1. Could you pull the copy-to-copy label distances for residue B:71, with points set 7 Å along Cα to Cβ, in nm to one decimal and sorted shortest first?
2. Once the label point is set 7 Å along the Cα-to-beta-carbon vector, what list of distances in nm do you get between residue B:265 and its counterparts in the other copies?
3. Mind checking the mean number of beta-carbon atoms from other chains within 10 Å of the Cβ atoms in A:130-139?
4. For the protein assembly as shown, what value does the Rg/Rh ratio take when both radii are computed over Cα atoms and Rh is the Kirkwood radius, given to two decimals?
5. Kindly provide the pair-distance distribution of region A:115-230 built from C-alpha pairs, with 5 Å bins from 0 and whole-percent values in order of increasing distance.
6. For labels at residue B:30 and residue B:226 in the simple 7 Å Cα→Cβ model, what's the distance in nm?
7. From Cα pairs below 8 angstrom and at least 6 apart in sequence, can you work out the relative contact order of chain A, rounded to a whole percent?
8. Could you compute Rg(Cα) / (2.2 N^0.38 Å) for region B:213-255, with N its residue count?
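A short reminder: the numbers here are calculations on the coordinates, not readings from a lab. These figures come from a predicted structure and were not determined experimentally. Note: ideal-geometry Cβ built from the backbone for every residue, glycine included; neighbour counts use all protein chains shown.
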Number of protein chains: 2
Amino acid sequence: MSQLNIMDSEVDIVVGALHSDLTSFMNEWKPIFSQYHLIIVKDPELKEDLIIPDGFDLDVYSQQDIDRIVGASNSIKFSGYSCRYFGYLMSRKKYIISIDDDCVPAKDDKGLLVQFVAQHISNLSTPATPFFFNTLYDPFRKGADFVRGYPFSLRSGVACSLSCGLWLNLADYDAPTQALKPSLRNTRYVDAVLTIPAGAMLPVSGINIAFDREVVGPALCPALRLAGEGKFRWETMEDIWCGLCVKVTCDHLKLGVKSGLPYVWRNERGSAVESLKKEWEGVKLMEEVVPFFQTLRLPEAAVTAEACFLEIAKAVKEKLGRSNQMFARAADAMVEWVEIWKNAGLGPLPVDN
Amino acid sequence: MSQLNIMDSEVDIVVGALHSDLTSFMNEWKPIFSQYHLIIVKDPELKEDLIIPDGFDLDVYSQQDIDRIVGASNSIKFSGYSCRYFGYLMSRKKYIISIDDDCVPAKDDKGLLVQFVAQHISNLSTPATPFFFNTLYDPFRKGADFVRGYPFSLRSGVACSLSCGLWLNLADYDAPTQALKPSLRNTRYVDAVLTIPAGAMLPVSGINIAFDREVVGPALCPALRLAGEGKFRWETMEDIWCGLCVKVTCDHLKLGVKSGLPYVWRNERGSAVESLKKEWEGVKLMEEVVPFFQTLRLPEAAVTAEACFLEIAKAVKEKLGRSNQMFARAADAMVEWVEIWKNAGLGPLPVDN
């Protein structure tokens with residue numbers, strides 16, 4: 001238990017509040033959240049006061065904190081889903097777990113409550129194996145190991161910096177998919193965690209992730225903002241962009257990214273058909289974005305997440321920025337973020353005025 | 001059903017018989033095997049006659065067939081687990097499913113019999129997605145799709161050429177792992193199939209695989225034979241080598257490799273401790289073999305599996321063959337195999353003398 005407690009004190013759970021009444025969300029999560037420190041960031045565009053039940057250890061941040069600590073940024077907007085990134089900046093813990101406010105705890109295939117935090121921390125605190133695929137998935141899980149043929153020299157693995165959880169019920173599809181298959185629900189609980197191989201790219205969904213803030217924190221920022229960004233997940237790309245930056249950074253620094261458990265249960269929201277005209281913008285961007293990240297190679301001299309992130313920003317500006325202003329703005333936001341991180345994301349927390 | 005029947009006639013199930021009495025093996029598989037044509041190849045080192053129950057559509061091959069069709073090969077030995085490759089040569093079907101004779105049908109997590117052949121054929125006949133990872137696994141499976149951020153231009157996927165199934169109960173660990181953890185059993189049924197990303201290498205186990213014979217058949221041959229190769233899986237490396245050759249070939253030809261379902265139930269056999277002194281040889285080889293395959297790039301001009309395989313053989317000879325005779329022999333076997341495949345693996349079956 002003492003081991004668990006040490007871990008507990010190293011975790012911040014960050015929630016971006018896009019809804020004012022968090023009562024049912026918080027109460028559903030109470031059995032899990034009550035052991036941890038929470039950071040709740042109110043979407044600056046949300047007019048109503050937040051309603052948060054008692055019984056939690058939490059800090060709440062809102063527009064005035066953002067203004068005070070970041071000031072008026074030219075390129076970074078903390079509105080909508082991006083408000084959570086302000087929480088990343090305010091955390092001083094090793095690990096951050098970030099979850100959307102339309103998710104509730106899931107049950108596993110045996111009907112037991114998913115150990116949401118414990119699973120993310122297990123993913124982050126056991127090695128990742130990006131340099132050779134283990135067909136029985138996570139070799140560090142109880143009851144598993146490396147299979148025949150797995151090189152012994154690769155079995156110690158590398159540190160894991162990002163853990164991507166999944167979703168039951170409403171999955172993280174884009175608006176066209178959701179509109180085409182309105183009744184599509186994810187009901188399959190896949191009892192596995194795997195390391196995404198080095199060099200392979202994936203679409204990281206920000207709905208349910210955890211990361212090692214000390215190591216890759218500077219590489220998670222709300223850089224890519226769609227002109228028509230909205231309040232539904234399928235109207236955002238900030239997390240997908242962010243995930244590609246982190247994956248390229250991890251590949252370069254020989255760090256791991258895992259995907260799979262834990263699941264959350266995601267509730268229904270909104271009409272995908274309504275979002276279709278906005279979403280096509282994000283869908284089209286990926287055709288340029290993915291080949292860019294797949295072929296991006298960082299210089300040897302970049303040995304920290306900050307340095308990698310600045311190199312990515314430079315390449316974005318040079319290679320993508322010409323064709324689309326949105327990418328040029330993303331590059332500016334990334335550079336600005338590294339400055340903000342140095343000033344506000346490290347050291348003691350800025351005191352209230 | 002007619003669709004299923006067309007598929008049925010395109011499948012050969014190949015079994016390398018390392019045990020003379022196949023009665024219980026065949027009877028356990030009867031509900032599944034009875035719909036398909038079987039090719040059974042008797043291990044040339046097996047002295048006793050095979051005992052095979054009635055009620056199956058099968059061809060049995062043994063030493064004299066190998067001698068007649070292949071002749072005395074300098075570099076390829078069809079003994080032990082390698083006997084199955086003679087079956088690959090004798091097949092004229094599009095798909096081959098290959099299974100070890102110490103496996104029986106598994107049940108899924110709901111207690112239902114695994115649809116062993118149907119699952120392999122589904123893996124091979126639906127597209128693979130090696131160029132971007134889909135976090136909800138196989139997007140072509142019922143109830144699944146591509147997640148937000150997955151580029152639309154990559155959603156049609158590519159043809160899948162190799163399907164690697166898994167094992168419940170006794171997993172495919174190497175002798176050291178099995179000896180260190182003698183009671184380790186795989187009890188986790190992971191309900192997923194995924195495409196191994198392009199560029200990532202994996203240890204392909206020959207226990208339970210299926211492949212598109214027309215496309216990658218020439219790249220599956222028993223090339224790497226350990227000096228101390230034995231009759232337990234952990235005393236062999238032929239399949240791991242073969243899998244690396246096929247993966248490099250598929251990556252080059254833009255074809256897919258999947259891993260996951262279907263599972264088989266693998267029975268206990270042998271003492272790992274006894275095998276330890278043999279197995280270390282295979283374990284040590286992987287330290288050289290994996291970096292070789294990870295960095296191997298094939299010339300643009302290689303546009304068939306045969307051509308890729310010959311290029312791999314050339315590189316093996318040049319880069320690995322100097323340090324170890326075993327690799328030089330493997331390269332010779334690969335070149336000889338392509339010749340054998342042209343003469344005996346294509347066209348009408350050679351008639352009996």
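1. Copy-to-copy label distances at residue B:71, shortest first: 8.3 nm.
2. 3.3
3. Numbers: counts 1, 5, 7, 10, 3, 14, 10, 7, 0, 1.
Mean number of neighbouring Cβ atoms from other chains: 6.
4. Reported Rg/Rh, Kirkwood definition of Rh: 1.00.
5. Per 5 Å bin, starting at 0, the Cα pair percentages come out as 2, 9, 16, 20, 18, 15, 11, 6, 3, 1, 0.
6. 3.6 nm
7. 19 percent
8. 1.30
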